[in-house]
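The values are calculated or read from the model by the stated rules, or taken from the named source; none is laboratory data. The structure displayed is predicted, hence computed values, not measured ones. Backbone-built Cβ (ideal geometry, glycine too); neighbour counts: all protein chains shown. Side chains included, ligands, DNA and RNA excluded: accessible areas come from the protein's heavy atoms. Shrake-Rupley method; radii C 1.70, N 1.55, O 1.52, S 1.80 Å.
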Amino acid sequence: MSENISLRVLRIVPGTSVDGPGLRTSIYFAGCRHHCKGCHNPESWDLEGGELMSLKEIMNRIKEEGFNVTFSGGDPIVQVGPLTELAKLIRQEGFNIWLYTGYTIEQLLQMPEAADLLTYVNTIVDGQFVQEKRDISLCFRGSSNQRIINLR
């Protein structure tokens, strides 16, 4: 595991059930360029926010908790290169990965680094939060334009 790769992490929440099926370890990454009106986490927008954590530190937490993993934020795609390295390690350990992003899958597939990341992700929740389409009855998403896409 490359010791010099790190990611900006706002928080790691183990045992949550709101960011995908079952109990999961949700990792909230710093940085977002979408700035959606009505965002429930605007403190995550700062690209220099959170704390730098090495891949080893993050993997230790994931293995310690033993839950499947969700990448959220912010928008994890802001850190797509190191995030892909983390996703590889997570999948090698046998964990399932959900990814929340403001980009659509069509946009991600046009970005070579993001397309590489998707080879390790099981499920993506795509699309920006749209306040006018907010729907609290939806499971695992905030607005009706967002899609849950199973990649595996």
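Points to keep in mind about this one:
- Only one entry in F140, F129 is open to solvent by 40 Å² or more (accessible area, probe 1.4 Å), at positive phi and at pLDDT below 95, namely F140.
- Every condition in (1) open to solvent by 40 Å² or more (accessible area, probe 1.4 Å); (2) in contact with a helix residue (DSSP H, G or I) (Cβ under 7 Å, 6 or more places away or on another chain) holds for G74 except the one numbered (1).
- Qualifying position, being small (G, A, S), under 15 Å from T123 (Cβ atoms) and out of contact with any helix residue (DSSP H, G or I) (no Cβ under 7 Å at 6 or more places or on another chain), among S54, S26, S44: S26
- Pairs are defined by a Cβ separation below 7 Å, a sequence spacing of at least 6 or placement on different chains, a first member in region 85-104 that is among the basic types (K, R), and a second member that is open to solvent by 30 Å² or more (accessible area, probe 1.4 Å); the pairs so defined are K88/Y120; R91/Y120.
- The set of residues in region 29-77 that are among the small types (G, A, S) and touching a residue at least 12 places away in the same chain (Cβ under 8 Å) comprises A30, G31, G38, S44, G49, G50, S54, S72, G73, G74.
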